[in-house]
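J.: Here it is: the structure, laid out below.
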Amino acid sequence: MDVAELQHYKYAAVSNQNFVKRGPATVFESEDAAYEAIVENKVQPNDIIIIRNEGPRGSGMPEMFMTTEALASVPELSASVTLITDGRYSGATRGICIGHVAPEAALGGPIALIRTGDLLLVDIPGRRLDVVGFAGKECGPEEMARELEKRRSQWTPPAAARKHGVLRRYFERAAPVSKGAYME
């Protein structure tokens, strides 16, 4: 199952051996949680990290600066960890980064349904990001469809990042990143 109808790949500093990668996902609900895991040495080389709820409706689509810099400070992580988010990156980002994933998690996009341990296939030349299995085991299309439908029926939107003021209005009315993330 393709995780995103829109995503941007940043791979200028990526070795060819990492252009196609298959492995388990480690899911974080925020950049702060991912950053904490990196600085506490809980992220290992070759991990595939997902940071979700950082898109326009989730948190306003901030730049994933802290996380990318923390990864860049550890050469074996910078060269091998794949970072996927519905948030955004700066032009100085290094390593395997996939951002602007849409539809975003806060709107119930497929990225919201991924769990830690699900198997992902990252195919940079093919411009694909696919879920290929669950709980560390590859699955066929029918089994995947059933499991994702079950997860979708249990999904609830995350709590609003801001409860008051202009930012609350933005979070309630932000257009998807695929349309420019303006306020509708």
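Readers should treat all values here as calculations from the given coordinates under stated rules, not as data from a laboratory. All figures in this text were calculated on a predicted structure; none of them were measured in a lab. With ideal geometry, Cβ positions are generated from the backbone for all residues, glycine too; neighbour counts draw on all protein chains shown.
J.: Take every Cα pair under 8 Å in region 37-184 that's 6+ residues apart, average their separations, divide by the length, and report that relative contact order as a whole percent.
T.: Working: 245 pairs, mean separation 32.7, N = 148.
Over region 37-184, the number comes to 22 percent.
J.: Once Kirkwood radius over Cα pairs in Å is worked out from the coordinates, which option in (1) 18.5; (2) 17.9; (3) 16.5 does it equal?
T.: Correct label, based on the coordinates given: (3).
J.: Which order do peptides 87-98, 140-151 fall in by mean Cβ count within 10 Å, highest first? Please list the in-between numbers first.
T.: Numbers: 87-98: 19.3, 140-151: 12.8.
In decreasing order of mean packing, 87-98, 140-151 become 87-98, 140-151.
J.: Continuing with this model, one more query. Amide H neighbours of Arg128 under 5 Å, counting only residues 5+ apart in sequence or on other chains, H built in-plane at 1.01 Å?
T.: Residues meeting the criterion, in which the H sits 1.01 Å from N, are Asp123.
J.: For the chain, set up a Gaussian network in which alpha carbons nearer than 10 Å are linked by springs, and say which option among Ala79, Ala160, Ala106 fluctuates the most.
T.: Of Ala79, Ala160, Ala106, the Gaussian network model singles out Ala160 as fluctuating most.
J.: Rounded to the nearest 0.05, what FRET efficiency is calculated for Ala72 and Arg152 with R0 set to 41 Å and r the Cβ-Cβ distance? Intermediate values should be presented prior to the final figure.
T.: Numbers: r = 35 Å, r/R0 = 0.86.
FRET efficiency, Ala72 to Arg152: 0.70.
J.: Along the positive direction of the dipole of the chain (beta-carbon charges: Lys, Arg +1; Asp, Glu -1; about the Cα centre), which of Ile96, Gly165, Leu113 reaches farthest?
T.: Selected residue: Gly165.
J.: List the lysines whose alpha-carbon lies under 30 Å from that of Lys179, not counting same-chain residues fewer than 8 positions away?
T.: Cα-Cα hits under 30 Å: Lys10, Lys21, Lys150, Lys163.
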